[in-house]
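Notes follow once the structure below has been shown.
Since every read-out is calculated from the coordinates, none of them should be taken as a lab result. Predicted, not measured: the structure shown is a model, and the values here were computed from it. Cβ atoms come from the backbone with ideal geometry, glycine included; neighbour counts cover every protein chain shown.
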Amino acid sequence: MKSIKSLFVKLTHMIRNAKMQTKLIFSFLLIAVIPPIIIGGVYVNRFKTAVEEKISIYSLQLVKQVGENIASNVFKIKSYSDDILMSVEFNERIQKYTRASATEKTLSRDYFSHMMQFKFLNIENIDDVFMAFLNEDSPVGYDTIQVAGYYRWGKEDLERLIQLNKRKENVGNFMTSLVHINGASESSIVVGRKVENVLNSKELGHIFIAINQEFLRNIYKDIEIGKGSDVFILDKNGILLSSNNPDVMSGEMIFEKELIEKIKQSKTEYTTFSLEMDGENHLVAFSGIEGLDWYIVSTIPYSYLNAETSVFIYSIVTFTIGILVLAVLVSFLLSHSISSPVKKLEKGMKKFGEGSLTYRVEVDRDDEIGYLQRGFNYMANDIEVLLAKIEEENKLRRITELKVLEYQINPHFLYNTLDAINWMAQKAKQNDIGYIVTALARFFRLSLNNGKEYYSVKDEIEHVLNYLIISKIRYKDCFDFTLQVDPLAESCKTLKIVLQPIVENAIKHGIHKNSNEGHIWIIGEMDEEGITIMVRDNGKGINEKKVHELNRALVEIKDVSCKESGFGLRNVQQRIRLNYGEKYGLYIESQGGRGTTVVVKLPKDA
């Protein structure tokens with residue numbers, strides 16, 4: 001029970017997680033194929049039953065009709081023999097025969113022979129008529145007449161036939177028996193009549209009429225029930241009297257004993273039943289022949305009956321396969337028409353989620369999926385507008401923050417104060433103070449830039465140059481610096497205060513304060529891809545693990561904050577990314593003991 005439940009859970013999980021198109025195709029196929037299979041199975045069974053019933057009824061009607069025809073033909077012979085037995089002259093001659101003279105006996109024999117020739121020999125398939133009548137003067141007790149002379153009636157055949165003719169169970173003085181007589185190619189049906197004295201029922205003689213097999217075969221030879229079927233006649237002991245099958249010899253009990261037993265056990269004179277014969281099931285129909293101890297039997301192999309059913313099954317299977325192929329085609333087309341736009345919608349959502357904010361799904365239908373497509377496009381538009389609004393707000397906030405910083409430092413007051421300090425330094429002949437104050441004034445003038453966020457690369461280089469001058473004096477000439485910038489790059493626009501935080505980090509963390517061998521290089525280049533500015537120092541460098549962590553932090557822009565000394569590297573990275581996109585920004589190259597290089601990538605047409 002647990003295994004069945006587990007299997008059911010797995011199957012449910014598999015169906016739930018299957019692709020939509022697979023679910024639709026599978027569902028359509030179930031709907032299209034299961035009904036034909038069920039209907040086909042029901043109708044195949046009904047068709048098989050109907051075929052068997054119809055063949056059974058037909059076989060039963062057939063054997064009844066054949067039995068009636070056989071009885072009619074046999075009793076026609078009986079009626080001819082009745083004409084002889086009821087003839088007055090025949091009875092007078094047969095009663096006087098034993099006391100008659102030789103001449104009278106000869107005349108009577110001629111009369112008997114002529115009468116039987118007239119009655120029987122003109123009937124087709126009656127081969128011979130044999131008459132035996134009492135004669136006390138004969139050595140065998142009988143005189144005989146053979147009308148046709150076709151058979152050789154032996155003494156043993158005659159004695160056996162006479163004994164059969166004397167049986168008390170012979171109804172109406174009528175006997176039939178299958179006898180093989182010398183001279184005949186196969187056993188003959190012999191009809192026997194006992195000749196008696198009408199006054200005292202004393203036996204006077206016997207008449208035997210030999211009928212060949214064609215007499216019976218002609219009655220049912222044109223009957224064809226089906227391939228492998230057979231029609232034959234049995235006596236009450238199961239002896240085969242006649243058969244439609246030329247390969248079967250009469251006079252033998254070749255059929256299963258169970259057949260005649262089932263016939264005898266039947267409560268009706270005619271019916272059908274199933275019986276295994278020669279290793280194969282057969283439908284058997286039989287009918288008793290009225291007035292005779294015979295049965296007319298037909299057998300039809302079920303293989304023939306099932307052949308008709310097989311044709312029907314083949315038609316059902318062909319039809320089902322056709323339905324299946326059509327269902328596969330229709331289900332594929334229908335499921336594709338449903339799943340394809342869903343896949344497109346899924347693709348659009350994936351692209352949108354990956355950052356392609358301008359991507360929109362093509363709306364090509366007016367159904368529920370079309371409604372989802374339009375809803376996605378509306379949502380994408382709203383998100384794009386919202387993100388643009390947020391970006392604009394961020395820019396405004398940064399501008400506001402810079403303006404607040406500007407307002408905190410009154411430019412005119414600052415510039416005038418610095419000019420006064422410079423004048424006083426020159427008057428006091430303090431040239432270093434005047435030099436640093438002048439650099440500081442230029443530094444602040446470029447930093448504030450009248451509230452503008454952009455200026456030229458040339459201004460950015462001048463801004464960082466002033467910072468380097470101030471820092472060199474401040475740190476007592478512990479480092480030197482080199483500026484090497486492509487003149488073509490100087491005219492390009494850039495964000496302000498990009499290089500100063502990088503140089504500040506190089507001085508604070510890369511240059512040893514107690515040494516005068518430090519050096520900082522600022523190298524600017526321009527190519528087709530944009531502007532590359534490298535800030536390099538010859539300091540102690542950074543180990544590989546730390547470099548990896550710093551670059552990852554720059555990529556992910558984590559922990560962005562303003563440091564005491566100015567804007568941090570991550571702040572610069574964020575400003576570049578927000579303004580120019582993820583293609584641009586900073587990355588660090590360094591090895592322990594070999595200095596550090598910070599590479600800045602900027603567009604050339606900002």
* Asked: Contour minus end-to-end for residue 349 and residue 96, with contour as 0.36 nm per residue of separation and end-to-end as the Cα-Cα distance?
  -> 78.4 nm
* State, to one decimal in nm, how far the label point of residue 258 lies from the label point of residue 58, with both points 7 Å from Cα in the Cβ direction. => 2.6
* Asked: Dividing the alpha-carbon Rg of the range 452-602 by 2.2 N^0.38 Å yields what?
  -> 0.99
* **Qualifying aspartates and glutamates (Cα of each under 12 Å from Cα of residue 236; at least 8 residues distant if same chain)** => 261, 293
* To do: Among 507, 38, rank each residue by its count of other Cβ atoms within 10 Å, from fewest to most, as a rough exposure measure.
  => 38, 507
* Structure fact -> Distance in nm between residue 529 and residue 137 label points, each 7 Å along Cα→Cβ, equals 15.0
* From the backbone phi of the range 110-123, what are the Karplus-calculated ³J(HN,Hα) couplings (6.51 cos²θ - 1.76 cosθ + 1.60, θ = phi - 60°) in whole Hz, Gly and Pro given as x? -> 4, 5, 4, 4, 5, 5, 6, 4, 5, 7, 10, 6, 8, 8
* Asked: Ranking 118, 112 by Cβ neighbours within 10 Å, fewest first, what do you get?
  -> 118, 112
* Asked: Taking the C-alpha atoms of the range 121-259, how large are the radius of gyration and the largest Cα-Cα span, Dmax, in Å?
  -> 16.9, 59
* Structure fact -> For residue 269, placing the label point 7 angstrom along Cα-to-beta-carbon and taking the range 151-191, residues whose amide nitrogen sits under 14 Å are none
* What's the extension gain from residue 276 to residue 38 if we count 0.36 nm per residue and subtract their Cα-Cα distance? -> 82.6 nm
* Would you list, by chain and number, the aspartates and glutamates whose Cα falls below 17 Å from the Cα of residue 221, excluding same-chain residues fewer than 8 positions away? => 68, 124, 230, 247
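Is the shape of the range 57-304 best called rounded, prolate or oblate, per the rule: a/c under 1.5 gives rounded, else a/b larger than b/c gives prolate, else oblate, with a ≥ b ≥ c the square roots of the Cα gyration tensor eigenvalues?
Values: a/c = 2.48, a/b = 2.33, b/c = 1.06.
Prolate, because a/c is 1.5 or more and a/b exceeds b/c.
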* **Segment residue 332-residue 508, length gained on full extension (0.36 nm per residue, minus Cα span)** => 56.5 nm
* Among 350/395; 194/262; 395/476; 347/389; 452/601; 389/546, which pairs are too far apart, with a Cα-Cα distance over 31 Å? -> 194/262; 395/476; 389/546
* Structure fact -> Residues whose modelled amide H sits under 5 Å from the amide H of residue 271, counting only those 5 or more places away in sequence or on another chain, are 286
* Asked: Between residue 49 and residue 363, what is the spin-label point distance in nm, taking each point 7 Å from the Cα along the Cα→C-beta axis?
  -> 5.9
* Percentage of interatomic Cα-Cα distances in the range 71-136 larger than 15 Å -> 55
* To do: Using a Förster distance of 60 angstrom, determine the FRET efficiency expected from the C-beta separation of residue 318 and residue 290, and round it to 0.05.
  => 0.80
* Structure fact -> The exposure ranking of 144, 299, fewest beta-carbon neighbours within 10 Å first, is 144, 299
